Structure formats: structure tokens, C-alpha cells
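Reading through the C-alpha cells given below for one structure.
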Amino acid sequence: MEKKLKTPIDDHTRESLIAGEEVLISGYIYTGRDAAHKLMVESIIKGEKLPFNVDQQVIYYVGPTPAKPNQVIGACGPTSSYRMDAFSPTLMKKGLKVMIGKGPRSKEFIEQLKKQKAVYLLAIGGLGAKLSQTVKENKVIAYPHLQSEAVRQLYVEDFPAIVAIDSKGNSVF
Amino acid sequence: MYTIERKTIVETIKDMFIDSAYHLGEDFVNKLKSSQEKESNQLGKSILSKIIENQEIAKNNNIPLCQDTGVAVVMLEIGRELIFDYDLEEAINAGVRRGYMDGYLRKSMVKHPINRINTLDNSPAVIHYEFVAGHQLTIHAAPKGGGSENMSRLKMLTPGEGEQGIIDFVIETVKLAGGKACPPLIVGVGIGGNFEKAALIAKKAIFRKINDQAENEVDQLLEEKLLKEINHLNVGPMGLGGETTALAVKVNSYPCHIASLPVAVNLQCHSARKSEVILDGKKIENSN
Ligand code: SF4
């Protein structure tokens, strides 16, 4: 059975996750992919405020299709995570604890993840339609000019994922 | 002589992209279902059932199967008796624009590979033309996702490396792609021709029907051998292990130079969206 997780995920629950476990996530999560990561890390370097406080939060790497008038969100499956490897360590140092995407991560990423006791979850690539059904709220909170790459706050219910790299660095890859 | 009106082209292309972004072909879905039943890796099996469920949700609720609605790839087989008194390429791009706007598909094209400013309507398409006998126009259209395209590769082998060299290169490509190309895959292999021909026939290979066979025996045997070896790699659905790494391998070949053995591998992810339409030309009055 899948383990149910409520965001923000407390330290104890997060550290007890084991690579390979299937989970269902409920609560607020934030979206960001290539362009938003670049902007957020630039803000940190310049000492500016981030569009949301990443401490203890969850970031999901996604650029959804546009929502139709009667939909909360369009298709919203994960994008490949390796392109975020250069940025994630800086965000983890600011307290980011959970990242969701697809595919493997770099050595440097895993080193920082262990240090921060963060976790990396895998969403199944190409499940755009199914995952859209778990999103109950969708609000653009930063960088609207980035279109599908804008930062959004999503409220999800039972979003399915797999623990890909746990807080000890064990990996399914 | 015969012709097809511009507005028919625009409408057809628009509908093809919307339709293929929301539905997978029936044969392909059946293939997914039979491999889900056979898969012995529990996580792999669970992923395959979610992929099957995803296409049902997409179909029933008109939601794109995947958020990456890709580069618009269009392959045309133009009957030689057809004439077009307008810019066919412009008509296709108008259809692409309409499809991506009206279908709420994601716009993923940037104007220049370095400046990277979005074109905001997913045009232009990548278009290939070919002439055939008759007065029909066959259109193949596919929104091709970036994840699997990025893991595709081409290599100029030496003739001495032969069939084993081809096999090794294909296997290496599938291994390197791992979960990044969103397996289970259709593996398109192009051998022979020259640098660009190999890539084009590899791309054409992924447009082939999921249950067909290569035209000649050498390629048929290679397809069988490759499929077996790929499914022994334990890459599995989304790269997490299992025997369902590829649902099919399609090999296309072409004559080549005595000094060359080009091989191209184009990977297609499980969101194998494509559409085919045949349009009949209308006879032009006073023509012969
Ligand atoms: S590789 Fe295919 S299934 Fe995976 S995200 Fe890209 S388009 Fe979707």
C-alpha cells in the first residue's frame, strides 16, 4: 500500500521514507522548472527575497498545459530533474526538503541531499492527465511571464509518487 | 490534375494535433495492456497500470496525455497528380498554430536555440515531403516530446563494425536513456543512407504501425534480436526495472556508401501520440 504524506512533511516522516516506496502526497506544493530555478538562485545570490519561503517545502518540476475554462490545471506530469541539479543544492541550503521530478540526479545533488536530510521523489513521466486529477487548486504566485514555467502554488490530493532517493542517499537508480 | 484546398489542410492538421495529444492508438494501448499483464517487476507493473489509466482519463476528459505536447512533426506523402497554388508549408503551420491554441496544448517552441524566446503558438512544425503515385495526400502528424527526443543518438560506424556494431550502439543508447526517455519505448532505428538519411528513416520508423514488420528479412531479424536484448536490460517502465523496456523496435534501412555505416536511433516514449489522415484531391476543371 502507498504511504500517505501530508505537506509540509515533518522531519520524522521524511527521514523514515525508503527508496522504492510508493507514496501519495496531499497538501500545498510549489512548481518550478528550468527558468524559475535560474531566477530563484539568482535572487538568493543577490540577497533578494524568494517568491515563497522554500523552508520545509516541496517543489515539483512541471510546466503544465494551459487549463481549459472548466479545469483547475491542464496535463501536469514531471519534467526531467537533471537539468535542475545545478540549482537544487542552493535551494536545499535555504531549507527546501522535497523535490519531485523524473529521472536520476547528480552526485553533487545527492551529497547535498544527504547533508540536508532532504528527499527526492519520482513522479511518473507522461502521466499528465492522471496527475491533473489530483490538483484541486492552482495559483500562479511568481514569474507569470514565464508562462508554463511560472511558479505556482498547487493544492494536491493523493498525488502518486515513488521515493527515488531517500534522506540517507539510497537510490532506486 | 487535382488539388486540395488550403482550408482543408489547415483544419485537418489542427484536428490531427488535438486528437493525437488526447488519444493513443488502440493497437498501442493493447500492446501496453498485454505487457502490463506479463511484467513481473511489481513496481514496473504498477507504473504500467498507471500509464494505462492515464490514457483513459485523457480520453474521457479531453486532457492532453502528457504536458509535453512536443515539437509538431509532419510527414507528407504527396500524390504526383496534386498541385497546390498556395504555400503548403504556411498552411501546415497555420494548422499547427490553431491546434495548439484551440486544443490548449503546451507551446514549447523557441524562436532561436540560443536566444530561446517562445514562439507562443508552437509553430513552426518540422515538415518532411515525399512524392508518391496518385492524387491523394497522406499526412502523418506527431507531437514529439522533448524527453525521448533528447536521448536519441546518431553514429557513423565503419562497415567493419557490421551488425554487431549496430546492436551495440542501439543497446548503449537505450541504456544511456534509462528512465529519461519515459520507457516503455518504441525504438526507431535507421541504418544506411548517409548522415541525414539515417536520422530521417529512424524517425520514420517510429511512425510505423506498432504491430508491423520491416520490409526485408535482414531488418526483420534485427528487430527481433534488438527487442529481445533491450528487454533483458532491466531498464523497465520509467527506468525502475522490469522487462518492459521497449514495446517494439522498428528498423528501416537504405543503401549506403562502401565506406560508411551510419546508424541513428530515435526514441519514442510511451506517450506515443500520432495520427494519420488520407485526403483525396479534387479534380480541377479543364485540366487533364
Ligand atoms: S518523454 Fe514523452 S511521456 Fe515523457 S514527459 Fe516527454 S513527452 Fe511526456
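The values are calculated or read from the model by the stated rules, or taken from the named source; none is laboratory data. None of these values were measured; they are calculated from a predicted model. Because the Cβ atoms are built from the backbone with ideal geometry, glycine has one as well, and the counts that use them run over all protein chains shown. Side chains included, ligands, DNA and RNA excluded: accessible areas come from the protein's heavy atoms. Shrake-Rupley method; radii C 1.70, N 1.55, O 1.52, S 1.80 Å.
Quick notes
- For the pair B:N150 and A:S16, label points projected 7 Å from Cα toward Cβ lie 3.6 nm apart.
- Global form of the range B:146-268, assessed from the alpha-carbon gyration tensor, a/c cut-off 1.5: prolate
- The trypsin sites (Lys or Arg not before Pro) of the range B:174-225 that meet both conditions, a loop assignment by DSSP and at most 14 other Cβ atoms within 10 Å of the site Cβ, are B:K209.
- Helical mean residue ellipticity (222 nm; -39500 (n - 2.57) per DSSP H run of 4+; nearest 500) of chain B: -12500 deg cm²/dmol
- Solvent-accessible area per residue for the range B:56-106 (1.4 angstrom probe, square angstrom): 39
- Estimated vicinal HN-Hα couplings, Hz - the range A:20-27 in sequence order (Karplus 6.51, -1.76, 1.60; Gly, Pro = x): x, 6, 8, 10, 10, 9, 10, x
- For chain B, the list of Cys residues with no other Cys C-beta under 4.7 Å reads B:C66, B:C256.
- Theoretical FRET efficiency, 1/(1+(r/R0)^6), r = Cβ-Cβ of B:S49 and B:I117, R0 45 Å, to 0.05: 0.65
- Sequence-ordered 3J(HN,Hα) estimates for the range A:92-99 from the Karplus curve with 6.51, -1.76 and 1.60 and θ = phi - 60° stand at 5, 5, 8, x, 4, 10, 10, 10 Hz, glycine and proline given as x.
- A Förster radius of 60 Å combined with the Cβ-Cβ distance from A:H145 to B:M1 puts the calculated FRET efficiency at roughly 0.75.
- Expressed as a whole percent, the accessible area of chain A that falls on carbon and sulfur atoms is 51 (1.4 Å probe).
- Close amide H pairs (under 5 Å, H built 1.01 Å from N) link A:I25 with A:L5, A:D158, A:F159, A:A161, residues at least 5 positions away or on another chain.
- Rounded, prolate or oblate (a/c below 1.5 giving rounded, otherwise prolate when a/b exceeds b/c) for the range A:34-125 by Cα gyration tensor: oblate
- Cα gyration tensor category, rounded, prolate or oblate, for chain B with a/c compared to 1.5: oblate
- Converting phi to 3J(HN,Hα) with the Karplus coefficients 6.51, -1.76 and 1.60 and the offset θ = phi - 60°, the range B:16-32 yields 4, 6, 5, 4, 6, 6, 9, 10, 9, x, 4, 4, 5, 5, 4, 5, 4 Hz in sequence order, with x at every glycine or proline.
- GluC sites (Glu not before Pro) within the range B:243-288, DSSP loop, no more than 16 other Cβ atoms inside 10 Å: B:E285
- Lysines whose Cα lies under 22 Å from that of B:K59, excluding same-chain neighbours fewer than 8 positions away: A:K68, A:K130, A:K136, B:K14, B:K31, B:K33, B:K45, B:K50, B:K107, B:K144, B:K209, B:K274
- DSSP beta bridges in the range A:76-173 [antiparallel fraction, %, rounded to 5]: 65
- Mean separation of Cα pairs under 8 Å and 6 or more residues apart, divided by the residue count, gives the range A:39-138 a relative contact order of 31 percent.
- Degrees, to the nearest 10: B:42-61 long Cα axis against longest axis of chain B: 20
- Förster radius 56 Å - calculated FRET efficiency between B:L176 and A:K68, Cβ distance, rounded to 0.05: 0.90
- Trypsin sites (Lys or Arg not before Pro) restricted to the range B:78-130 and DSSP loop, no more than 16 other C-beta within 10 Å: B:R80, B:K111, B:R116
- Beta bridge orientation in the range B:146-268: antiparallel %, DSSP, nearest 5: 55
- Placing +1 on the Cβ of every Lys and Arg and -1 on the Cβ of every Asp and Glu, with no other charges, gives the range A:3-165 a dipole of roughly 100 debye about its Cα centre.
- Non-local Lys pairs in the range A:75-115, i.e. 8 or more apart or on different chains, that have alpha carbons under 15 Å apart: 7
- Per the accessible-area calculation with a 1.4 Å probe, the total area buried between chain A and chain B rounds to 2700 Å².
- Under 20 Å from the A:E108 label point (7 Å along Cα→beta-carbon), backbone N, the range A:78-100: A:80-100
- Cα→Cβ-extended label distance, 7 Å offset, between A:E42 and B:E26, nm: 5.1
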